[in-house]
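What follows is calculated from the coordinates using simple rules that are stated; it is not laboratory data. Every value quoted in this text rests on a predicted model; they were computed, and no experiment measured them. All Cβ positions, glycine included, derive from the backbone under ideal geometry; neighbour counts span all protein chains shown.
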Amino acid sequence: MDFTTTLQVSQMIVNELSGSSFVHKMQGLLFKSQGFEKLGQKYLDHFAEEQEWIEKYANRMMDLGCTPQVDISNKSVLIEDPKAYIEADLKLQRDGVEKLYQLMPALAADPTTYDITKAYLLDEEEDLYWDEEQLDLIEKIGIQNWLTKQM
């Protein structure tokens, strides 16, 4: 069986997720330093969860006899305003979920990677819904009340 597509998709996810997960870690540290303990911890936990996904994809690549490459080249600027960060993250989540949906058919010939990616997609959808819920909550209770809840 040819696993070229599996390896390409897995490598892409490892690379993209490595960069974005580190941004989540740094955002978590920034939010904690601003006094938003709950929000900061949410993103630190998110970082740890994403590291587990990176490990799953890297292990799958190694199971198939391929050594993952490390190619992280994105430059990101931390966003100090929590609402602005969630708005930016929501856009990234939407784009990422759409991309994963597009990749799913290409992985159908490899049930193992398909199942990993399906679970990852569900996790990413949950993150997208969380961003939407937080922005909706901010709209309903106001930014100051929402920020107080993040302390």
Which listed residue (MET104, GLN41, LEU30) has the Cα farthest towards the positive end of the charge dipole for the stretch 4-149, taking +1 on Lys and Arg C-beta and -1 on Asp and Glu C-beta about the Cα centre?
-> LEU30
Range of Cα positions in the stretch 4-149 per principal axis (Å), largest first | 51, 26, 21
Cα gyration tensor category, rounded, prolate or oblate, for the stretch 29-78 with a/c compared to 1.5 = oblate
Of SER21, SER73, ALA58, farthest towards positive along the dipole that unit charges on Lys, Arg, Asp, Glu beta carbons give the stretch 4-149 = SER73
Estimate the FRET efficiency between GLU98 and MET26 by the formula 1/(1 + (r/R0)^6), using the beta-carbon distance for r and 25 Å for R0, to the nearest 0.05.
-> 0.50
Volume in Å³ per residue [convex hull over Cα atoms, computed for the stretch 111-151] | 51 Å³
From the cross-link list LYS38/LYS118; LYS118/LYS149; LYS25/LYS91, the entries with a Cα-Cα span beyond 26 Å are LYS38/LYS118; LYS118/LYS149
